[in-house]
Amino acid sequence: MAIAPRSPEELLRDVRSIRDLPPNDLRALAEAAEVRKAARGRTFFTDGQEAEGFWIVRTGEVKLVKSGRDAREQILYLARPGRPILEGVRFDGGKYPASAVAMRAASALLISNDHLRSLGEKRPNLFQILIDLKSHRTERNLQLISDLSLRTVPARIASFIYSLALMRESKGQDARNFMRDLTTETVAGRLGTVREEISRGLAQLEKKGAINVDPDMIEIVDMERLEELAYGKKRP
């Protein structure tokens, strides 16, 4: 039996800070939400389109990307169900700075900027929450810029795998063995490189004793070595 998608109010409770709104305000946001759908490879919005509002992924998976003239793309982040997309929250009539593309059939909630403004004028703490969320996203983007400009591809791959391991460990999941469920092209897009560089980078990490690489699996064999290759040697 298929599991029904969660209600708008349930999804809003997944978003940090938003979940702390009074129940009536949370309900008002949920009632203002519109459901949008996109088939695999189709967009919810495109770079340069007029910004519409606050998005939350409901089903599927969505990538936020910047594309170059040579058709290469940089994935800014991946949003799974319950994750917000904040690039459309604008009150200046501005435009989206990137595109949101469904990686598989997906749906998302959209709360328009008009509704956000209307509720925010009655409940100013909503504006504070939106500012805090956008600031957090800005910090993540600045970290991405730092990684792309200051670190080698093998170091970026090591950091990517190490961060996944820590996240899975915090959830009580297997933090040493990873199914390769993301395509090499997707990982390349996240790390700002091309597929060939990802393959070479994985081979270097394996050669240096941090991981074992199989066609369907990556095994971390030395967590400390992986951390060192990701971030450099620890200072005494």
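Please treat every number below as a calculation from the coordinates, not as lab data. Remember, it's a predicted structure, so these values are computed and weren't measured experimentally. Cβ placement follows ideal geometry from the backbone for every residue including glycine, while neighbour counts extend to all protein chains displayed.
Listing for the model above:
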| item | result |
| --- | --- |
| Global geometry of segment 56-126, whether rounded, prolate or oblate, following the gyration tensor of its Cα atoms and the 1.5 cut on a/c | oblate |
| Residues whose placed amide H lies under 5 Å from that of Gln49, excluding near-sequence neighbours | Tyr96 |
| Three-way shape call for segment 145-187 based on the alpha-carbon gyration tensor, with the a/c threshold at 1.5 | oblate |
| At q = 0.21, 0.24, 0.25, 0.26 Å⁻¹, base-10 log of I(q)/I(0) for segment 11-90 (Debye sum, equal scatterers on each alpha carbon) | -1.08, -1.33, -1.40, -1.47 |
| Contact order normalised by residue count of segment 77-222, Cα under 8 Å, 6+ apart, percent | 17 percent |
| Gaussian network model of the chain, Cα within-10 Å springs - most flexible of Arg42, Arg195, Arg180 | Arg180 |
| Semi-axes of the equivalent ellipsoid for segment 116-231, Cα gyration tensor, largest first, Å | 34, 16, 13 |
| Crossing angle, helix 125-150 versus the chain [Cα axis fit, 0-90 degrees, rounded to tens] | 20 degrees |
| P(r) tail fraction, the chain - alpha-carbon pairs more than 25 Å apart, % | 49 percent |
| Entries of Lys95/Lys134; Lys63/Lys207; Lys66/Lys95; Lys37/Lys95; Lys66/Lys171; Lys63/Lys95 with Cα pairs more than 24 Å apart | Lys63/Lys207; Lys66/Lys171 |
| Acute angle (nearest 10 degrees) that the helix 23-32 long axis makes with the longest principal axis of the chain, alpha-carbon atoms | 90 degrees |
| Highest-fluctuation residue, Ala203, Ala51, Ala33 considered, GNM on the chain with Cα pairs under 10 Å | Ala203 |
| Pairwise centroid distance, computed over Cα atoms, of segment 128-193 with segment 1-79, Å | 19 Å |
| Leading residue at positive end of dipole, segment 8-149 (Cβ point charges), from Leu109, His136, Ala79 | Ala79 |
| Area projected by the alpha carbon convex hull of segment 109-179, averaged over all directions, nm² | 7.6 nm² |
| Value of [θ]222 nm, deg cm²/dmol, for the chain, DSSP H segments ≥ 4, -39500 (n - 2.57) each, nearest 500 | -13000 deg cm²/dmol |
| Cβ charges +1 (Lys, Arg) and -1 (Asp, Glu), total dipole of the chain, debye | 160 debye |
| Fluctuation leader among Thr43, Thr183, Thr193 - the chain, Gaussian network, Cα springs under 10 angstrom | Thr183 |
| Estimated FRET transfer efficiency (Lys171, Leu150; beta-carbon r; R0 30 Å; 0.05) | 0.50 |
| Anisotropy class of segment 5-47 from Cα gyration tensor, a/c 1.5 cut | prolate |
| Backbone N within segment 145-187 under 15 Å of label point (7 Å from Glu196 Cα along the Cβ vector) | 185 |
